[in-house]
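The values are calculated or read from the model by the stated rules, or taken from the named source; none is laboratory data. As the structure is a prediction and not an experimental result, all values here were calculated from the model. Every residue, glycine among them, receives a Cβ derived from its backbone with ideal geometry; neighbour counts consider all protein chains shown. When the accessible area is computed, the model is the full protein with side chains, heavy atoms only, and any ligands, DNA or RNA have been set aside. Shrake-Rupley method; radii C 1.70, N 1.55, O 1.52, S 1.80 Å.
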There are 2 protein chains.
Amino acid sequence: MERPKFPDETIRRMPLYLRCLNRLIILGKDTLTSKELSEFLGVKPTKIRKDFSYFGDFGTRGVGYDLNNLVREIRNILNLDQEWKIAVAGISNVGCTILDHLEFNQPGFQITHAFDQDPELIGDTVRGVTVHDVTEIENQLSGEGIQLGLLAVPAIEARGVADSLVDAGVKGIINLAPIFIDLPEDVEVVQMDLSSELGRLVYHLTNS
Amino acid sequence: MERPKFPDETIRRMPLYLRCLNRLIILGKDTLTSKELSEFLGVKPTKIRKDFSYFGDFGTRGVGYDLNNLVREIRNILNLDQEWKIAVAGISNVGCTILDHLEFNQPGFQITHAFDQDPELIGDTVRGVTVHDVTEIENQLSGEGIQLGLLAVPAIEARGVADSLVDAGVKGIINLAPIFIDLPEDVEVVQMDLSSELGRLVYHLTNS
């Protein structure tokens, strides 16, 4: 089946929908109207109906949306039916904190490798994973099929570590370091940077 | 002068350009070609030339770009000629770490207020700012003209705290909590969520 093209904003919302819908299912819900979902999700009913229509679920009049079906569809669209292994580089501060804070317990993702350059941290166990030296990235990831990397090292280290991840086969990187990294065309990079988002926010505030 | 409409991706890159250009100026540079800038910035020369053309600087053949002029233009476009005050809600973990990690020392932004609900933290000084109880948000921000808020409280508190920030006059919120918040139309919300970005990354990896 040919899939519709999803707007980027809808794709970004999907993982949050997934988390909220899973929570509702755990609470014993199985169907909810867009109005009920709106209250729980904090998203306007019109936006919910539009987003959910992309997921192939238009709801049933008077009954609402089948939550299990929505979860199945979103997992399928995002290719989360398989488990995605993640290598984290830089666990000394934000790498670790952000994972904890963001309730990183969503099915579909698993942190399997961790790296740092701080000798004090190398050998430690973080979230069940042994921390290795960043110089070990290629050795450790070789043959492991790790496609995702989370780059949380200081800006000055970011490019070298990103290159190592790519050499080790990583195809997608979340870059938390406040610096651009220039990687081969077939590697996707998502920049998560507070100053970028603040700048964008101020631009929109003063131009709307 | 009528400004061109900037692509969202260009707006996101501007604060990082600004930071890098400021660093180059401190290093004593005043003009650089797009090739030299490309090496320093980690952005392809074609993209630099396209982005910079939006900023009104097309460079001078054989000489390159005037860095001070670029910085002036970007600051002007992003409205960073004024100082933007920021209230941070939730400083116990990621709120604080992310600020440190992201080298939050960019001119244009200043954290002036901090809030938390943890009695252990209330009264402490974080980055020169006294931490107040989240219930004090409206009192403390009254008349201060704070337009930006950074929401780093746990998901379960996020909506209540966001409402307080808006009641206190905040018009733009960076939401680090992994939950949607539904605010009045005239409030801009930027969601910074790791699972959203991971989901988006996987979607693009498997659909490109």
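Scan segment B:52-63 for residues that are surrounded by fewer than 18 Cβ atoms within 10 Å (Cβ to Cβ) and either free of Cβ contacts under 8 Å to residues at least 12 places away in the same chain or not in a loop (DSSP other than H, G, I, E, B) (or both) and jot them down.
Correct list: B:Ser53, B:Phe58, B:Thr60, B:Arg61, B:Gly62.
Here are some conditions: (1) surrounded by fewer than 19 Cβ atoms within 10 Å (Cβ to Cβ); (2) closer than 26 Å to A:His113 by Cβ. A:Ile86 meets all but one. Which one does it not meet?
Evaluating A:Ile86 over (1) surrounded by fewer than 19 Cβ atoms within 10 Å (Cβ to Cβ); (2) closer than 26 Å to A:His113 by Cβ leaves (1) as the failure.
Contact list please: Cβ distance under 6 Å, first residue in segment A:184-207 and within 7 Å of another protein chain (Cβ to nearest Cβ), second residue among the acidic types (Asp, Glu), pairs at least six apart or on different chains.
Between residues of segment A:184-207 that are within 7 Å of another protein chain (Cβ to nearest Cβ) and residues that are among the acidic types (Asp, Glu), the close pairs are A:Val190/B:Glu197; A:Met192/B:Glu197; A:Leu201/B:Glu188; A:His204/B:Glu188; A:Leu205/B:Glu188.
Tell me which residues, restricted to segment B:8-51, are open to solvent by 50 Å² or more (accessible area, probe 1.4 Å), under 28 Å from A:Asp8 (Cα atoms) and either within 16 Å of the chain's Cα centre (by Cα) or not polar (S, T, N, Q) (or both).
Across segment B:8-51, the qualifying residues are B:Asp8, B:Glu9, B:Lys44, B:Lys47, B:Arg49, B:Lys50.
Of the conditions (1) free of Cβ contacts under 8 Å to residues at least 40 places away in the same chain; (2) within 14 Å of another protein chain (Cβ to nearest Cβ); (3) not in a helix (DSSP H, G or I), A:Glu73 clears all except one; give me its number.
Here A:Glu73 clears every test but (3).
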